[in-house]
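All of the numbers you see were taken from the coordinates with simple rules; none came from a lab. The shown structure was predicted, so the numbers you read here are calculated from the model rather than taken from an experiment. Here the Cβ positions follow ideal geometry from the backbone for every residue, glycine too, while neighbour counts run over all protein chains shown.
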Amino acid sequence: MTRVLVVDDEEDVLESTQILLELDGYEVQTAQRTGEILPKLLSMRPQVLFQDANMPGLDLEALLPTIRREASLQGLVVILFTAAANAEELLARCGADDLLQKPFDPKRIVTKIEQWTKK
């Protein structure tokens, strides 16, 4: 079973995404604060991190290199979601694997995860 960590500061986004992914057969955990991200990644060891790029206090340019250096997280797919106009630039700058532009159809989340994990 593919494990996914969903990170967003909006509770409704976390709940709806978790329900959607669990109904599709994924094991899902969520995090609502930036301080939870790395500890949850290390304990859960997901295959996919689905990360809101615009959370308060989040520095993607620092977080993602830290994640990439962690041996136990090698192969982790990082998919950002954002409403920012400079989404492609952000993707290139921080080193994530993919992105979804907000607003998006929730089914696109499943499609993106399947593309990266070959479920």
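Given R₀ = 25 Å, what would the calculated FRET efficiency be for ASP97 paired with ARG3, taking r from the Cβ atoms and rounding to 0.05?
Working: r = 16 Å, r/R0 = 0.63.
Approximately 0.95, to the nearest 0.05.
Would you kindly state how much longer the chain becomes between ARG69 and ILE19 on full extension, computed as 0.36 nm times their sequence separation minus their alpha carbon distance, in nm to one decimal? All intermediate terms of the calculation are to be shown ahead of the outcome.
On the way: separation 50, 0.36 × 50 = 18.00 nm, distance 3.07 nm.
This chain segment gains 14.9 nm when fully extended.
Of the trypsin sites (Lys or Arg not before Pro) in the range 1-94, which ones lie in a loop per DSSP and count no more than 11 other C-beta atoms within 10 Å?
Values: sites: ARG3, ARG33, LYS40, ARG68, ARG69, ARG93; in loops: ARG33.
For trypsin sites (Lys or Arg not before Pro) across the range 1-94 that sit outside H, G, I, E and B with at most 11 neighbouring Cβ atoms in 10 Å, the list is empty.
Just to be sure I understand, if you calculate Cα extents along the principal axes in Å for this structure, which of (i) 67, 44, 25; (ii) 54, 28, 25; (iii) 33, 33, 26 do you get?
Only one listed value fits the structure, namely (iii).
Could you work out the relative contact order of the chain? I mean the mean sequence separation of Cα pairs under 8 Å and 6+ apart, divided by the number of residues, in percent. Present the calculation step by step, with values, prior to reporting the outcome.
Working: 177 pairs, mean separation 28.9, N = 119.
Taking the mean separation of contacting Cα pairs over the length of the chain, I get 24 percent.
Just want the ordering: LYS112, LYS102, LYS107, LYS118, from fewest to most Cβ atoms lying within 10 Å of their own Cβ. Each step should come with its number before you reach the end.
Numbers: LYS112 20, LYS102 14, LYS107 10, LYS118 6.
Ordered from fewest to most neighbouring Cβ atoms within 10 Å, LYS112, LYS102, LYS107, LYS118 come out as LYS118, LYS107, LYS102, LYS112.
Determine the calculated [θ] at 222 nm for the chain from helices alone, applying -39500 (n - 2.57) to every DSSP H run no shorter than 4 residues and normalising by the residue count; nearest 500 deg cm²/dmol. Provide the component values of the computation, followed by the final result.
Numbers: 5 runs with 53 residues, N = 119.
So the helix-based figure for the chain works out to -13500 deg cm²/dmol.
List the GluC sites (Glu not before Pro) in the range 1-72 that DSSP assigns to loop (not H, G, I, E or B) and whose Cβ has at most 14 other Cβ atoms within 10 Å. Which are they?
On the way: sites: GLU10, GLU11, GLU15, GLU22, GLU27, GLU36, GLU61, GLU70; in loops: GLU10, GLU70.
Passing both the DSSP loop test and the Cβ count: GLU10, GLU70.
Springs between alpha-carbon atoms under 10 Å, Gaussian network over the chain: tell me which of GLN47, GLN101, GLN29 tops the mean-square fluctuations.
GLN101
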